[in-house]
Amino acid sequence: MAIEEGARKSGVLWLTLDRPRLAWHAWHDGAVYLVSGGEEQPLPGLDALDRVRVTLRSKDNGARLVEFDAEVSVVDQALAGEAVAVLAKERLNARDSEHLVERWARESTVWRLTPVR
């Protein structure tokens with residue numbers, strides 16, 4: 001419950017990659033979804049991991065709310081329309097918001113980070 005609540009309340013999280021990396025995300029169906037590559041946020045090394053450490057922090061004071069390990073998987077964008085739509089809704093200031101999902105299908109990777117209990 002703490003993971004879901006923290007992920008819903010925060011628009012960003014930290015991933016432990018080559019160094020701590022800030023990433024925007026969306027919570028959907030029991031997991032964190034994010035997008036990288038192309039014009040989207042760079043997340044170097046995520047593609048080489050089976051698991052990643054995720055940290056959620058408070059919007060108010062930056063205090064750590066919860067840390068957890070998550071299984072990393074690539075999302076088949078053609079089969080995960082609802083999750084991709086939720087993620088697109090959270091994407092702020094996209095230059096091409098009306099064609100965002102199509103651009104992601106061409107040049108980006110959508111990731112699902114499933115908390116390991």
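Bear in mind these aren't lab numbers, they're just calculated from the coordinates by the rules spelled out. Only a predicted model underlies this, so the values are computations on that prediction, with no experimental measurement involved. When we count neighbours, we look across all protein chains shown, and the Cβ atoms used for this are built from the backbone with ideal geometry, even at glycine.
Charge dipole of the chain (Cα centre as origin; +1 on each Lys and Arg Cβ, -1 on each Asp and Glu Cβ, all else neutral): 440 debye, rounded to the nearest 20. With Cα extents along the principal axes in Å defined as stated, name the option among [x] 36, 30, 25; [y] 37, 32, 30; [z] 41, 29, 28 computed from the structure displayed. Read-out from the structure maps to [x].
Which FRET efficiency value, to the nearest 0.05, do you get for GLN41 and ALA78 by plugging their Cβ-Cβ distance into 1/(1 + (r/R0)^6) with R0 = 30 Å?
Given R0 = 30 Å and the Cβ-Cβ separation, E is 0.85.
Taking amide hydrogens as placed 1.01 Å from N in the peptide plane, the amide H of VAL75 sits under 5 Å from those of VAL110, TRP111, ARG112, each at least 5 positions away in sequence or on another chain.
Considering only LEU22, ALA7, LEU65, and ranking their Cα positions along the charge dipole of the chain that arises from unit charges at the beta-carbon of Lys, Arg, Asp and Glu, the one farthest toward the positive end is LEU65. Placing dummy labels 7 Å off each Cα toward the beta-carbon, the span from LYS9 to VAL116 is 2.6 nm. The length gained by stretching the chain between ASP69 and VAL86 to full extension, at 0.36 nm per residue less their Cα-Cα distance, is 3.9 nm.
Scanning residues 5 or more positions from HIS28 or on other chains, those with amide H under 5 Å from its amide H are TYR33, with H placed 1.01 Å from N in the peptide plane.
The 3J(HN,Hα) values that the Karplus relation (6.51, -1.76, 1.60; θ = phi - 60°) gives for region 105-115 are, in residue order, 4, 7, 10, 10, 10, 9, 10, 10, 10, 9, x Hz. Gly and Pro appear as x.
Got a sec? Which residues in region 14-42 would a label at THR55 touch, if it sits 7 Å along Cα→Cβ and we count backbone N under 20 Å? Flagged as within label range: 14-26, 32-34, 42.
Would you order SER58, SER10 from fewest to most other beta-carbon atoms within 10 Å of each residue's own beta-carbon? Kindly include the intermediate steps, with their values, before the conclusion.
Numbers: SER58 12, SER10 17.
In order of increasing Cβ crowding within 10 Å: SER58, SER10.
Would you work out the charge dipole size for region 20-77 about its Cα centre, treating the Cβ of every Lys and Arg as +1 and the Cβ of every Asp and Glu as -1, and quote it to the nearest 20 debye? Mind showing how you got there, number by number?
On the way: 6 positive and 10 negative charges, 77 e Å.
For region 20-77, the charge dipole is close to 380 debye.
Computed on the chain, with alpha-carbon pairs under 8 angstrom and 6+ residues apart, the relative contact order is 31 percent.
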